[in-house]
Amino acid sequence: MFSITVRDHLMIAHSFRGEVFGPAQRLHGATFLVDATFRRAELDADNIVVDIGLATTELNTVVAALNYRNLDDEPDFAGINTSTEALAKVIADRLADRVHAGALGEGAREIAGITVTLHESHIAWASYERTL
């Protein structure tokens, strides 16, 4: 399996519901490094997984829709704890939608999977992996 990874960053505010979250139940900020890895079994006709420039642009588009937002105020997240794991899934799913829409080029339609990793710090991160 071949893969490429592109990176961006994300700054959000949010709060959690549930005793397990302790003080994070109060509104707080979070900054993440966002890695999106695109995988496929065989390289395309140009000998690439996907155009890195297009992958970077589309990741930026997806992240920009979340950046500098209080996720508690966003209708898409009503009633949802926007944990690192849950946000990784949202970003992966939105990237998959972009692949299906052709935004990453026709060759990208053969991408087999996407993994999104959100790095909370140098010692903690979470990922979501999905097939296309």
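The values are calculated or read from the model by the stated rules, or taken from the named source; none is laboratory data. Given the structure is predicted, the values throughout are model-derived calculations rather than measurements. Cβ sites come from the backbone with ideal geometry, for glycine too, and all protein chains shown count toward neighbours. In case anyone asks, the SASA skips ligands and DNA or RNA and just uses the protein heavy atoms, side chains included. Shrake-Rupley method; radii C 1.70, N 1.55, O 1.52, S 1.80 Å.
For the Cα trace of region 19-113, dividing Rg by the Kirkwood Rh returns an Rg/Rh value of 1.06. Distance from the Cα centroid of region 3-58 to that of region 63-84 is 14 Å (rounded to whole angstrom).
Taking the 1.4 Å solvent-accessible surface of the chain as the whole, the part contributed by carbon and sulfur is 53%. Looking at region 11-108, the GluC sites (Glu not before Pro) that sit in a DSSP loop and have at most 14 other Cβ atoms within 10 Å of their own Cβ are Glu42.
When the chain is treated as a Gaussian network with alpha carbon springs shorter than 10 Å, the biggest mean-square fluctuation among Ala65, Ala45, Ala36 belongs to Ala45.
Considering only Ala45, His28, His122, the residue lying farthest towards the positive end of the dipole of the chain is His28, judged by Cα position with unit charges set on Cβ. Please return the longest range in the chain lying between exposed loop sites, taking trypsin sites (Lys or Arg not before Pro), DSSP loop only, at most 16 other beta-carbon atoms within 10 Å, and leaving the sites out. Longest run free of exposed loop sites: 27-132. Roughly how much of Thr5 is accessible, in Å² to the nearest 10, using a 1.4 Å probe? About 80 Å², rounded to the nearest 10. Helix 84-100 axis versus longest C-alpha principal axis of the chain: approximately 30°, rounded to the nearest ten. Rounded to the nearest 20 debye, the dipole size of region 1-117 about its Cα centre is 300 debye, using +1 on the Cβ of Lys and Arg and -1 on the Cβ of Asp and Glu.
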